[in-house]
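The values are calculated or read from the model by the stated rules, or taken from the named source; none is laboratory data. Just so it is clear, the structure is predicted and the values come from calculations on it, not from any experiment. Reconstructed Cβ throughout: ideal geometry from the backbone, glycine too, with neighbour counts over all protein chains shown.
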Amino acid sequence: MNRLGHCVLGGAAVAAFAFLFSASTVAAGGGSISGTVKLNGPKPAPAPHEVTADKEHCGGKIENESCVVADGGLLKNAVVTLEGVADMPPAPKTVKVRLSNKGCRFDPHVLAVQQGTTLEMSNEDPVFHNVHITKNGETVANNGLPPGGGQVVKKQLKDAGLLDVRCDAGHTWMKAYIVVVPHTYFAVTGADGKFSLAGVPAGKYKLKVWHETLGTLEQDVEVKDGADAAAAFEFTAKT
Amino acid sequence: MSSRSNPASLATRLLAAGCCAALALASLARADAPSVGDPEKGRALIADLGCAVCHTLRDTQTKIRKDAPDLTFEGDRVRPDWLYRFLREPERLRPAIKGRMPDFRLLEPEALALVEFVREGLRDASATVPPEYRFKPGAPGAAEGKKKAETYRCVQCHADAPRAPKVEANDLAPRLEQASRRLDPNWLFRWIRDPQELAPGVTMPSLFYSDGEANFDGADQVIADLRDYVIAPGETHRFPEYDEARKRYPEITAADGRRLMVALNCAGCHPVRSLPAAKPLAPSLVTEGSRVKGAWLASFLERPHVIKPEYGILSGGTRMPGFALEPGEAADIAAYMERALSDAESDAVIPPAASELRDLRERGRGIFYERRCTDCHRIHEEPGGIGPDLTRAGERLRYGWVYRFVQNPSAFLTTRMPDLNLTPDEARAVAAYVLGPKE
């Protein structure tokens, strides 16, 4: 557990934002927000997880995805959401997102979805997995997935919030996170640390970023019709 | 108010004969042995057992409502003959996994009443089993189910010694060896189908259904096969006592069971949708450590029904149950109560000097008989009434508390004992008599 300490947030983060005007990139009747999320300080090198069960399939070690940072401090798996925007009706059940058990890890490691989205859970490993989803410690779903890859288990995510995903089948290192958002203005940063939100109604908002080990940061953002508002988040690593 | 007019007094008198035997056992309560338990363990045990459900305590934290099973589906879930036996011998029939179902020393008609209420009052008509998957004894699915149990790693959590290879984690879920005599087969089908639907948040994952839909074609057949394997056709065992009790007590109805469940405060530990919320219907224990002696308390906790047999007859069925405590556990609880549940004012009362005890007791005896305390309290063979037997009160009660209590009973307990307007001087004498040896 202490091995994760390298990625713990220290002190206030530096946040900067600016407005750029680029009429060609966004649809009329709204604007966009784009930018990057970074981690300042030395690049963390989290120790991989020791595999303690089903080693014959899972192997000896598994990548620790709790803080993935590329050169230049670019932070992967940070969830950017717009705050202060009106809730939307939930997505219909037919909107689907896949969460796979693959190589004894959850794929993807971090998901953001609109409220109402159906989560499709699958198991591509030849070992038994279990997707146990909780919110503030209360179970939202707990589904067992036998080996073989044939089954897809569907669960509609009806309530907004941060969901914690674990596998109870002895794979204690398996973790994933799902951020369920009551609207469509959200993004998860890729390996390049970049995000963009499109079609945002003009107005003043808070823009929030959440990361599993670094916590949250917020900044003000103003969106103008037909323009892209640039935003940049910078977490600071504890040394 | 005369005790003679109280219907409860008759029951108490009937019990008086049993008291003699009980008192012989009560000699286990050695008055002066110091409490040797670990108060911190005692505090934790009080939280685990859920004492605060019935008693007023200082630290009322408990997770008993999470540990005790939800009884909403109990009428569908367990076989009535198994339940009847379980209610009468909970610890022997099914040693606790987490929570500890206490033994209420239920009489036959009481256990029957509870079973009848669970069967009729807690039945959930909304959930059904498709007709083709209803249980038929001797169904051929068991062999197929055995293979499926391996695929779904059932034994990873359900240790099942006679049928499964040894597994590491065996404390996660109930052993299945009792399933065939305990569980209703049709309920088991519904349970395996989607445990998260029946009991949201339960440890067991849903393997076959999610959001009311099957995860794959033919899921119901796999569920039925697993069910048949677990139930093991042909191995079902019946407890005949239940049918015998029904014949013996035909007048017992579900309504009797409902009343008893309220009186026993079952809803204090078990979520039961159709019962009113539990109430703290047992004595407050906030100053119990200053009232009774630790050694007596430890003995009482080990066998409450022997030491205070009047419980269960008074107050419409409410009684202190037994928790199958080990002697060490009872001592831990007593040690905690002595330290944490005390009353400084009672503890500060200075007991009479040895030199004045003899005279004081003699005076106290005079007051005791003059005020007709014996109308309610039994001393030796004198019959007494609704009050506790005081023959050996010195093993149980502490001086400071008795001295203060007899001056103003209603300030200390919810009690039927009238205020006798004793002066402090008279109270000293009465307390000395009550706690002393009696000819």
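Summary table below
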{"read-out": "Residues that are assigned to a strand (DSSP E or B) and within 11 Å of chain B (Cβ to nearest Cβ), drawn from segment A:87-122", "value": "A:T118, A:L119, A:E120, A:M121, A:S122"}
{"read-out": "Unique residue being of a type outside the set (D, E), touching an Asp or Glu at 6+ places or on another chain (Cβ under 9 Å) and at positive phi when the list is A:G170, A:G144", "value": "A:G170"}
{"read-out": "Yes/no for A:L74 being of a type in the set (A, V, I, L, M), in contact with a Lys or Arg (Cβ under 9 Å, 6 or more places away or on another chain), crowded, with 16+ Cβ neighbours inside 10 Å and more than 14 Å from chain B (Cβ to nearest Cβ)", "value": "yes"}
{"read-out": "Criterion: buried (at least 17 other Cβ atoms within 10 Å of the Cβ) and assigned to a loop (DSSP other than H, G, I, E, B) - qualifying residue of B:G364, B:G384", "value": "B:G384"}
{"read-out": "Hits in segment B:68-109 - residues which are over 15 Å from B:D184 (Cα atoms) and of a type in the set (D, E, K, R)", "value": "B:D70, B:R85, B:R88, B:E89, B:E91, B:R92, B:R94, B:K98, B:R100, B:D103, B:R105, B:E108"}
{"read-out": "Subset of segment B:203-221 (residues that are facing chain A (nearest Cβ under 10 Å) and assigned to a helix (DSSP H, G or I))", "value": "B:A219"}
{"read-out": "Flag for A:T172 being β-branched (V, I, T) and assigned to a loop (DSSP other than H, G, I, E, B)", "value": "yes"}
{"read-out": "Residues satisfying the stated conditions in segment B:387-439, i.e. of a type in the set (G, A, S), part of a helix (DSSP H, G or I) and more than 32 Å from the chain's Cα centre (by Cα)", "value": "B:A427, B:A429, B:A431, B:A432"}
{"read-out": "Subset tally (residues that are at the interface with chain B (Cβ under 10 Å from one of its Cβ atoms), assigned to a loop (DSSP other than H, G, I, E, B) and either among the charged types (D, E, K, R) or without any contact (Cβ under 8 Å) to a residue 60 or more places away in the chain (or both)) for segment A:125-168", "value": "9"}
{"read-out": "Test result for A:T189, without any contact (Cβ under 8 Å) to a residue 12 or more places away in the chain and within 18 Å of the chain's Cα centre (by Cα)", "value": "no"}
{"read-out": "Failed item, numbered, when B:D228 is tested on (1) more than 16 Å from B:F104 (Cβ to Cβ); (2) buried (at least 18 other Cβ atoms within 10 Å of the Cβ); (3) not assigned by TED's automatic domain parsing to the domain that holds B:E144", "value": "(3)"}
{"read-out": "Hey, A:Y177 closer than 28 Å to A:H129 by Cα, among the aromatic types (F, W, Y) and surrounded by 20 or more Cβ atoms within 10 Å (Cβ to Cβ) or not", "value": "yes"}
{"read-out": "In segment B:175-202, the residues that are within 14 Å of another protein chain (Cβ to nearest Cβ), crowded, with 20+ Cβ neighbours inside 10 Å and outside any helix (DSSP H, G or I)", "value": "B:D194"}
{"read-out": "One residue from A:A187, A:A191 being of a type outside the set (V, I, T) and either closer than 21 Å to B:G201 by Cβ or in a strand (DSSP E or B) (or both)", "value": "A:A187"}
